[in-house]
Amino acid sequence: VSTQSTGSSGINAEYGEFQTFQLLSICYFDPEHNWWVSKHIKKPIRSTILCVDWHPSNHLVAIGSCDFKCRVFCSALKELGDKPQTSNWMPKLNKFGTLLAEFDTNNGWVHGVQFSPSGNQLAWVAHDSSVNVVNSANLTKVHTVLTSNLPYSCLLWMSENSFSAAGFNYCPDLYTVTADGVTFTAKMDVKKEKSGGGAAMSAMARFQKLDVQGQSETGGTTVDTTHENCITEIRALSRNPATGAVSKFSTSGKDGRLVIWNFDALSSSLGGLKI
Amino acid sequence: EAVVSTQSTGFRTVDVDAYDEDNYEDDARDTGDSGAAEVTERANQVRGLLNQLKTKEALKMALKNPPVGNKDASVKEQNYETVVSVLKSFKAADIDAAVADLDMVEIDILMKYLYKGFTCSPDKAASLLQWHEKVVAKGGLGSIVRVMVDRKGI
């Protein structure tokens with residue numbers, strides 16, 4: 001039973017969570033005994049959990065798993081004196097571990113899930129190359145985009161109305177959310193085509209291509225994105241505390257690269273893109 | 001001489017995975033797709049449209065509500081034949097316009113039938129590949145990915 005990933009909640013350093021096979025552990029620090037205690041959420045998770053995100057209030061947690069579903073649970077801990085509020089996610093107060101919502105719209109593993117800055121919306125990306133958003137005001141209506149690219153593995157809300165998704169297409173893509181649904185807005189990797197490659201590739205270039213892209217043939221499929229392999233993580237670097245808007249973010253991938261993107265600069269080169 | 005076991009070896013044929021309570025079972029989701037009667041009705045309507053040379057309309061009709069959840073293989077087979085009959089009736093030059101008319105859901109369904117065609121009707125591979133090229137131009141790699149991750153099969 002291995003740990004798939006860990007995360008910690010934003011507000012309170014006392015929380016943490018980690019996921020293992022079919023199990024979500026919510027951990028908190030017990031100062032009296034000077035150790036971390038974990039409480040498990042198991043039902044009705046049927047397969048490995050791939051991603052986790054905290055709601056800004058800390059009292060809810062969303063997960064995406066290999067049983068093709070995205071779920072929201074109550075994670076309020078009375079041990080820590082949590083006083084959760086009722087909300088659209090939790091219309092009446094529930095105890096820890098209660099399943100609040102389950103979304104079953106996908107045919108692929110759910111690779112990434114995230115609450116919007118306000119916590120009212122939830123977006124997730126799955127291996128069927130889809131992007132999904134739901135607003136807690138109407139939990140029965142999931143807005144889905146069946147994209148034409150390879151699946152995304154991670155996403156990041158850039159503001160309350162937009163998020164960026166990245167993955168096997170090697171490029172962060174921007175999506176906009178309105179009351180009517182979610183639409184693809186722009187590819188954020190705007191780059192000039194790389195020159196080079198072709199028959200006369202030096203030994204060093206050949207090795208680099210094998211190492212970074214995992215390709216051994218020299219016939220040039222040059223990659224015209226900054227990342228040369230799957231992007232696995234996307235994180236906010238600087239976020240406006242008042243509006244929740246992200247101005248800088250980073251991506252890292254299987255090509256071993258960590259790339260920092262300046263969203264404000266990108267918006268001007270993409271023609272006044274607003275989030 | 002060799003040692004011979006006198007005990008039963010029946011235990012070797014027990015399916016231990018069947019007893020694992022953590023075993024994942026794909027739940028049968030009600031996708032609201034069509035049954036035998038609807039598939040037959042559709043085949044008739046499509047034939048009618050093809051006789052009137054309304055190939056684009058025939059294609060849209062053929063791709064409606066495929067019997068994905070239906071456990072009867074012959075129903076699926078019948079629907080597949082309907083779709084193939086439409087694909088065959090197109091001139092190569094008209095494929096572009098027909099594909100342009102389809103939405104993403106129809107594109108995904110068509111892609112699934114194309115891949116089924118590659119497996120079941122290899123003799124038709126040449127024309128299927130023509131369609132494939134046009135459908136990928138619109139549906140992209142995403143539509144192929146959705147064929148690969150599809151668990152029910154069309």
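Counting only protein heavy atoms, what percent of the accessible surface of the range B:25-154 is carbon or sulfur at a 1.4 Å probe? Summing carbon and sulfur atoms, their accessible area is 55 percent of the total for the range B:25-154. Accessible-area rank, largest first, for A:GLU160, B:GLU57: B:GLU57, A:GLU160, with all protein chains present and a 1.4 angstrom probe.
Accessible area lost on pairing A with B, both sides, 1.4 Å probe, Å² to nearest 100? Numbers along the way, then the final one.
Numbers: alone 13740 and 9910 Å², together 22170 Å².
So the buried area, both faces added, is about 1500 Å².
Hydrophobic long helices, here whole DSSP H runs in chain B with Kyte-Doolittle means of at least -1.0 and Cα atoms spread over 20 Å or more along the helix axis, are found at B:36-51, B:73-88, B:104-120, B:125-149. Phi angles across the range A:173-186 convert, under the Karplus curve 6.51 cos²θ - 1.76 cosθ + 1.60 with θ = phi - 60°, into 3J(HN,Hα) values of 10, 9, 10, 10, 10, 10, 4, 7, x, 10, 9, 5, 10, 6 Hz, Gly and Pro given as x.
Each listed q (0.13 Å⁻¹) maps to a log10 I(q)/I(0) for the protein assembly as shown from the Debye sum over equal C-alpha point scatterers, namely -1.23. Charge tally for B:TYR80 (other residues, Cβ to Cβ under 11 Å; Lys, Arg +1; Asp, Glu -1): +1.
Among the listed pairs A:LYS248/B:LYS112; A:LYS69/B:LYS64; A:LYS248/B:LYS138; B:LYS88/B:LYS152; B:LYS76/B:LYS134, which have their C-alpha atoms separated by more than 29 angstrom in this model? Show your work: numbers first, answer last.
Working: A:LYS248/B:LYS112 40 Å; A:LYS69/B:LYS64 26 Å; A:LYS248/B:LYS138 33 Å; B:LYS88/B:LYS152 25 Å; B:LYS76/B:LYS134 24 Å.
Check vs 29 Å cut-off fails for A:LYS248/B:LYS112; A:LYS248/B:LYS138.
Only lysines eight or more places from A:LYS254 in sequence, or on another chain, were considered; those with a Cα closer than 24 Å are A:LYS187, A:LYS191, A:LYS192, A:LYS194, A:LYS209. Applied to the range A:48-65, the Karplus parametrisation 6.51 cos²θ - 1.76 cosθ + 1.60 on θ = phi - 60° returns per-residue 3J(HN,Hα) values of 4, 8, 9, 7, 9, 8, 7, 6, x, 7, 6, 9, 10, 9, 10, 9, x, 9 Hz, with x for Gly and Pro. Under 26 Å of direct C-alpha separation, and excluding same-chain neighbours fewer than eight residues apart, A:LYS78 reaches these lysines: A:LYS39, A:LYS42, A:LYS43, A:LYS92, A:LYS95.
Residues of the protein assembly as shown: accessible area per residue at 1.4 Å, in Å²?
Working: 22170 Å² over 429 residues.
On a per-residue basis, the protein assembly as shown sits at 52 Å².
Burial of accessible area (probe 1.4 Å, heavy atoms of protein chains only) in the range A:95-118, relative to its chain alone, reaches at least 30 Å² for A:ASP104, A:ASN107. Dimensions of the range A:52-91 from C-alpha coordinates, computed as largest minus smallest value along each principal axis and given longest first, are 33, 21, 14 Å. Threshold 50 Å², probe 1.4 Å: give the residues of the range B:135-149, in number order, that are less accessible with all protein chains present than with their chain alone. Residues losing area: B:VAL145, B:ARG146, B:VAL149.
Rounded to the nearest 20 debye, the dipole size of the range A:56-103 about its Cα centre is 140 debye, using +1 on the Cβ of Lys and Arg and -1 on the Cβ of Asp and Glu. The 1.4 Å probe gives accessible areas that order B:LEU141, A:LEU23, largest first, as B:LEU141, A:LEU23. Between the amide H of A:ALA101 and those of A:VAL72, distances stay under 5 Å, these residues lying 5 or more places away or on another chain, with hydrogens modeled in the peptide plane.
Across every pair of different alpha-carbon atoms, what Kirkwood hydrodynamic radius in Å does chain B reach? Mind dumping the intermediate values first?
Details: mean 1/r = 0.0562 Å⁻¹.
After inverting the mean inverse Cα-Cα distance, the result is 17.8 Å.
The values are calculated or read from the model by the stated rules, or taken from the named source; none is laboratory data. What you are looking at is a predicted structure, and each value in this text was computed from that prediction instead of being measured. Here Cβ is always computed from backbone atoms with ideal geometry, including for glycine, and neighbour counts include all displayed protein chains. Only protein heavy atoms, including side chains, enter the accessible area calculation; ligands, DNA and RNA are left aside. Shrake-Rupley method; radii C 1.70, N 1.55, O 1.52, S 1.80 Å.
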